[in-house]
Amino acid sequence: MIFEKSALFKQESYIDGEWISSPDTLEVIDPSSQQLVGTVPSLGEQETLQAIHAAHRAFLPWKNLTAKERSVILKNWHKLIVDYTNDLAVIMSKEQGKPLAEAEREVVSCAAYVEWFAEEAKRVYGDTIPMSQKGKRIVVLKEPIGVCAAITPWNFPLSTITRKAAPALAAGCTVIVKPSSYTPFSALALAVLADKAGFPPGVINVITGKAEILGKVLTSSRLVKKISFTGSTEVGRVLMRDSSDSLKKISLELGGHAPFIVFEDADIELAVTEAMISKFRNSGQTCVCANRFLVQESIFDEFSMKFIEMVRSQLVVGSGLQMDRNQGPLIDGKAVEKVENQIQDALAKGARLAAGGKRIAGKGFFFEPTVILDATSEMRIAQEETFGPVAPLFRFKTEDEALQIANDSQYGLAAYFFTKDLARVWRMTERLECGMVGINTGILSSEAAPFGGTKDSGMGREGSKYGIEEYLELKYMCIGGLT
Ligand code: NAP
């Protein structure tokens, strides 16, 4: 599929069921070639308000549909996403850089969230509560919160949208999506399919433009009742601060710095295989990817030797659309510089380079998959999110030491550990400061599980039966005179 020929490739924003253009545009660059992919409108305050008003007008009619009616439209959307997997994956790979096979897996996950919440729409149960006074009854209702804004990042340009939009729409909310300016075409492709699926005008809108301008309008509007954000901790703080005047409900899915701990009783082959997936998926540009490998001293050499061997033999860097490549580019030049600086800092402070270590010359933001041995807590990589293909290996002696290093981070998103000791599984899980724990696995995302973090990794959960609660308010009825 040639992406420009796809009916899903739109260079316009989507507001109130209409496609909108603007003389001001933003350019989207292919990170593999540094060539122009296309342009999208750089909308301003007026168009953002237009989207908010459209979503506000659409809210009551959408809320007043039955859950089953909303579910049917969500299921239509799900089917279309599945039918257009290849188009969506090619567009995503072109603007984001990830290998096509990974992009296809992301489409599957994006669709799974829509399917899951199409089903959950029908299960928004209220409650009855035994009353402490005679002649009265308490009933709890759940109601959609209203117009929701979803601000999403470039690293998972589709699934971060449906994790928010699908539960919001299922609950009866209307949605304005502000995708990353690096990857707007994936979001607009989803809007094409939403339009086809039968969402009434204004129920879902996708706006593009300069983030600060659009963000200010969304956070300051009293018609927007909820902001759901996935992105950096720094921007999450700005949005929370800017939302305080209008006291919005807020969910923040922010950065991470996952420890990946390998104990001496682990299945080492399994740990190495899972380490590869956890670290190098999306070239290390995932919020839950392993950022610190903590390996027990007695197995450090065995684990590191096997891991380095796999990094050298299995990872092939190149454009995401070249079928034999499994490591795409980083998103831009700044990302390459950040990775380079972290490596230089680590080497200057005594780490040893065991694989990779350099940017790849020529067009595109490519970086060699890198392994660093003997990393320590004084190094920047021990605290800063890397968001690139660098695996630093730290040594530890005891479980307490591993736990202390693991928790020594501002972030608290995911953590992984490998062991066969059941008691240790519980001890570690209960003492790790994070929202998600992978035990003997390096992958933990699923539409059926509550995804989210603690500490500077944010608040709120996405996916699972808990994900829809973020878009609902409780209203309680106290019914008297029942004697
Ligand atoms: P980012 O720079 O924070 O941007 C995220 C989104 O916020 C983009 O749409 C961006 O728009 C927008 N934005 C930036 N400044 C804004 C402002 N002042 N007001 C309103 N919106 C603003 O993050 P990113 O580089 O795209 O994504 C990488 C980060 O996301 C990493 O830290 C990663 O860990 C985190 N992440 C977390 C999760 C999770 O579930 N916890 C999942 C994925 C990613 P522009 O692109 O137009 O600037």
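With a requirement of 3 or more residues that are modelled with pLDDT under 95 and not assigned by TED's automatic domain parsing to the domain that holds residue 323, none of the helices (runs of 4 or more DSSP H) lying completely within region 7-112 satisfies it.
Please specify each residue of region 447-456 satisfying the condition of being within 13 Å of the ligand (Cβ to nearest atom), under 25 Å from residue 169 (Cα atoms) and in contact (Cβ under 8 Å) with a residue 60 or more places away in the chain. Passing the criteria: 451, 452, 453.
Of 284, 202, all but one fail to be within 16 Å of the ligand (Cβ to nearest atom) and at positive phi; the exception is 284. Contact map, region 281-306: first residue farther than 22 Å from residue 256 by Cβ, second residue of a type in the set (Lys, Arg), Cβ cut-off under 7 Å, separation 6 or more or different chains; pairs are 297/395; 297/397; 300/395.
Can you tell me how many residues in region 373-387 are on the phi > 0 side of the Ramachandran plot and under 28 Å from the mean Cα position of the chain (by Cα)? Outline the logic, then answer.
Narrowing region 373-387 to residues on the phi > 0 side of the Ramachandran plot: 374, 387.
Subsequent filtering for residues that are under 28 Å from the mean Cα position of the chain (by Cα) retains 387.
The total comes to 1.
I need a count of the residues in region 97-115 that are of a type in the set (A, V, I, L, M), surrounded by fewer than 24 Cβ atoms within 10 Å (Cβ to Cβ) and within 16 Å of residue 73 (Cα to Cα). Going through region 97-115 one residue at a time, the tally reaches 1.
Look through 196, 249, 226, 279 and report the one residue that is away from the ligand (no atom under 13 Å from the Cβ), outside the structural domain of residue 163 (by TED's automatic domain parsing) and of a type in the set (Lys, Arg). Walk me through how you get there before you give the answer.
On the way: 196 fails: outside the structural domain of residue 163 (by TED's automatic domain parsing); 249 fails: outside the structural domain of residue 163 (by TED's automatic domain parsing); 226 fails: outside the structural domain of residue 163 (by TED's automatic domain parsing).
Unique residue meeting the criteria: 279.
Give the residues of region 353-381 that are of a type outside the set (A, V, I, L, M, F, W, C) and closer than 18 Å to residue 313 by Cα, sorted by residue number. Can you show your working first?
Quick first cut of region 353-381, residues of a type outside the set (A, V, I, L, M, F, W, C) only: 356-359, 362-364, 368-370, 374, 376-378, 380.
356, 357, 358, 368, 369, 370, listed by residue number.
Is it the case that residue 162 is closer than 22 Å to residue 31 by Cα and either under 16 Å from the mean Cα position of the chain (by Cα) or touching a residue at least 60 places away in the same chain (Cβ under 8 Å) (or both)? When the stated conditions are applied, residue 162 does not pass them. Whether any residue in region 394-401 is touching a residue at least 40 places away in the same chain (Cβ under 8 Å), crowded, with 22+ Cβ neighbours inside 10 Å and within 15 Å of the ligand (Cβ to nearest atom) is what I want to check. The answer is no; no qualifying residue exists.
Assessment of region 373-385 against the conditions (out of contact with any Pro (no Cβ under 8 Å at 6 or more places or on another chain), within 16 Å of the ligand (Cβ to nearest atom), assigned by TED's automatic domain parsing to the domain that holds residue 263 and among the hydrophobic types (A, V, I, L, M, F, W, C)) yields no matching residue. Scanning region 113-140 for residues that are under 23 Å from residue 468 (Cα atoms) and at pLDDT below 95 yields a count of 0. Applying the criterion of at least 1 residues that are of a type in the set (A, V, I, L, M, F, W, C) and within 24 Å of residue 287 (Cβ to Cβ) to the strands (runs of 3 or more DSSP E) found wholly in region 123-213 leaves 147-151, 174-178, 204-206.
Pick out the one residue from 219, 174 that is assigned by TED's automatic domain parsing to the domain that holds residue 16, buried (at least 22 other Cβ atoms within 10 Å of the Cβ) and within 11 Å of the ligand (Cβ to nearest atom). Quick ask: steps written out before the conclusion?
Working: 174 fails: within 11 Å of the ligand (Cβ to nearest atom).
Matching residue, one of 219, 174: 219.
Among the residues of region 239-259, count how many are assigned to a strand (DSSP E or B), of a type in the set (D, E, K, R) and touching a Lys or Arg at 6+ places or on another chain (Cβ under 7 Å). Spell out how you get there, then give the answer.
Taking region 239-259 as the starting set, the residues that turn out to be assigned to a strand (DSSP E or B) are 249-253, 258-259.
Those still in the list that are of a type in the set (D, E, K, R) too: 249, 253.
Applying the additional criterion that residues be touching a Lys or Arg at 6+ places or on another chain (Cβ under 7 Å) yields 249.
Within region 239-259, residues that are assigned to a strand (DSSP E or B), of a type in the set (D, E, K, R) and touching a Lys or Arg at 6+ places or on another chain (Cβ under 7 Å) number 1.
Only one entry in 232, 243 is surrounded by 15 or more Cβ atoms within 10 Å (Cβ to Cβ), closer than 15 Å to residue 180 by Cα, outside the structural domain of residue 412 (by TED's automatic domain parsing) and within 13 Å of the ligand (Cβ to nearest atom), namely 232. Quick one: is residue 258 aliphatic (A, V, I, L, M), closer than 30 Å to residue 297 by Cα and within 16 Å of the ligand (Cβ to nearest atom)? So residue 258 fits the description; yes. Kindly indicate which of 347, 330, 353 is at pLDDT 95 or above, surrounded by fewer than 18 Cβ atoms within 10 Å (Cβ to Cβ) and either touching a Ser or Thr at 6+ places or on another chain (Cβ under 8 Å) or in the same structural domain as residue 93 (by TED's automatic domain parsing) (or both). Only one candidate qualifies: 353.
The values are calculated or read from the model by the stated rules, or taken from the named source; none is laboratory data. In this text, all values refer to a predicted model and were calculated from it rather than measured experimentally. Note that we place each Cβ from the backbone using ideal geometry, even for glycine, and neighbour counts take in every protein chain shown.
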